[in-house]
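Student: Sending over a structure as structure tokens; questions will come in a sec.
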Amino acid sequence: IAFKDVSQCVIFSSRMLIKFFNFFVCPVNNAGAINKNNKIWDVPLEEFDNVIDTNIKGTANVMRHFLPAMIQRKHGVIVNFSSGWGRSAAAQ
């Protein structure tokens with residue numbers, strides 16, 4: 001199956017897991033991206049967009065597609081991982 005973007009892949013995957021297994025124990029968000037070490041104003045827009053799309057939108061999209069079923073079942077846990085770099089900044 002070819003997806004035009006990552007969001008389509010997340011939608012498809014969540015629907016298939018819910019449909020065929022009718023349950024899931026624990027979706028895990030474990031993706032992370034970092035730009036090259038640079039001043040924020042020198043980070044190319046495409047590189048910055050990739051970091052935001054992966055670290056923020058990716059996490060939110062996984063939760064958006066699993067939470068409704070978890071709420072309906074009144075059961076579930078989502079685990080979000082991040083690196084130290086994802087929670088800090090380097091002065092330069």
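Student: Does any residue of the stretch 10-26 turn out to be touching a residue at least 40 places away in the same chain (Cβ under 8 Å), in contact with a helix residue (DSSP H, G or I) (Cβ under 6 Å, 6 or more places away or on another chain), within 23 Å of SER83 (Cβ to Cβ) and open to solvent by less than 60 Å² (accessible area, probe 1.4 Å)?
Tutor: Checking the stretch 10-26: at least one residue is touching a residue at least 40 places away in the same chain (Cβ under 8 Å), in contact with a helix residue (DSSP H, G or I) (Cβ under 6 Å, 6 or more places away or on another chain), within 23 Å of SER83 (Cβ to Cβ) and open to solvent by less than 60 Å² (accessible area, probe 1.4 Å).
Student: From (1) over 27 Å from SER83 (Cα atoms); (2) surrounded by 12 or more Cβ atoms within 10 Å (Cβ to Cβ), pick out the condition that doesn't hold for LYS4.
Tutor: So the condition that LYS4 fails would be (2).
Student: Of everything in the stretch 25-59, what is among the aliphatic types (A, V, I, L, M) and more than 24 Å from VAL79 (Cα to Cα)? Give them in sequence order.
Tutor: ILE40, VAL43, LEU45
Student: Output the number of residues of the stretch 43-66 satisfying the condition of being open to solvent by 40 Å² or more (accessible area, probe 1.4 Å), touching a residue at least 12 places away in the same chain (Cβ under 8 Å) and aliphatic (A, V, I, L, M).
Tutor: 1
The values are calculated or read from the model by the stated rules, or taken from the named source; none is laboratory data. Predicted model only: the values in this text are computed from it and were never measured. So basically every Cβ, Gly included, is an ideal-geometry build from the backbone, and we count neighbours across all protein chains shown. Note: accessible area is taken over every heavy atom of the protein model, side chains too, but ligands, DNA and RNA are not part of it. Shrake-Rupley method; radii C 1.70, N 1.55, O 1.52, S 1.80 Å.
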